[in-house]
Ligand code: PAF
């Protein structure tokens, strides 16, 4: 695996490649990231993994400062894989933001930037879209792999590729990797205490219970209310939002909706903000 820090070195490596797979990350690699890399290796001839803790997508300076930066351990972990990625691209902040991090961010997230995750993290999606767009221009991948856990990010990245990259990058959605207790893997889980770890699976359990109710014909609004109660009955969990959207357009759905739906949840568990989601089909009701 080659470790590269600048765009010019990266281009020198990639200019003759025609089937490049890309996995963007912020490091602190866990098994979920490794699953993304394996998927990229199945889809492409050359795989580039990036590690960059992007300052503009953090709303809180403290959160940015506290974000785990474990480059040496991450490199070791990647080097120990049976099949290592071909390139680790770890640019500096100056490489990504030559005009400073105060420069205008583009493209914009629009209305979707201020709902769900955007409510508690204003500006987050602009920072994310800016950096993903920068990486797409630097890496010029044919395929890029993103985790399904960050549903709103994935939706916005697909829209970015459609609007700004003429659908020339295939976005592959990697299923969320879960622990035995079905907790979605996240770099943030390392901040949970043992009681937080025991409480956190309530998010997934509540969503699955709501899905079952909906499949039995219960109105989505009633099923969501029941899931909300289940989460709120867990003393360590403070629910931020629980919602059902149309997976095609990310718009909240009404009770008469039929089609592919996505249930989204965000909650602070034991002081750590966690998100998760599930996708399922809602049949037309007679
Ligand atoms: O999902 C992440 O880790 C980040 O948002 C990403 C896509 C690497 C952009 O910084």
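Taken together, the values in this text are just the output of simple stated rules run on the coordinates, not laboratory data. Here the structure is a predicted model, which is why all the values come from computation and not from measurement. Here the Cβ is made from the backbone with ideal geometry for all residues, glycine too, and neighbour counts use every protein chain on show.
A few points about this structure:
- Alpha-carbon Debye profile of the chain, log10 I(q)/I(0) at 0.08, 0.09, 0.11, 0.15 Å⁻¹: -0.35, -0.45, -0.67, -1.23
- Overall form of segment 1-47 per C-alpha gyration tensor (a/c, 1.5; a/b vs b/c): oblate
- Annotation: Cα Rg of segment 126-199 relative to the compact-globule expectation 2.2 N^0.38 Å equals 1.36.
- DSSP bridge analysis restricted to the chain gives an antiparallel fraction near 55%, rounded to the nearest 5.
- Helix 202-215 and the longest principal axis of the C-alpha atoms of the chain enclose an angle of approximately 60°.
- Rg over Rh, two decimals, segment 146-286 (C-alpha only, Kirkwood Rh): 0.99
- Angle of helix 151-164 to the longest C-alpha principal axis of the chain, folded into 0 to 90 degrees and rounded to 10: 50°.
- Sequence-separation-based contact order of the chain, relative, with Cα cut under 8 Å and 6+ spacing, percent: 16 percent
- Span from the segment 116-174 Cα centroid across to the segment 195-266 one, whole angstrom: 24 Å
- The value of relative contact order for segment 103-222, using C-alpha pairs under 8 Å at least six residues apart, is 17 percent.
- Ellipticity at 222 nm from helices only: DSSP H runs of n ≥ 4 in the chain, each -39500 (n - 2.57), divided by the residue count, give -11000 deg cm²/dmol.
- Cα-based shape type of segment 26-185, given that a ≥ b ≥ c are square roots of the gyration tensor eigenvalues and the cut on a/c is 1.5: rounded
- Between helix 31-43 and the chain there is an angle of about 60 degrees, using the helix long axis and the longest principal axis of the Cα atoms.
- Per the Kirkwood formula applied to alpha carbons, segment 91-168 shows a radius of gyration over Rh ratio, Rg over Rh, of 0.96.
- Globularity index of segment 157-204, i.e. its alpha-carbon radius of gyration over 2.2 N^0.38 Å: 1.70
- Site pair residue 268 and residue 119 shows an inter-label distance of 1.4 nm when each label is modelled 7 Å from Cα along Cα→Cβ.
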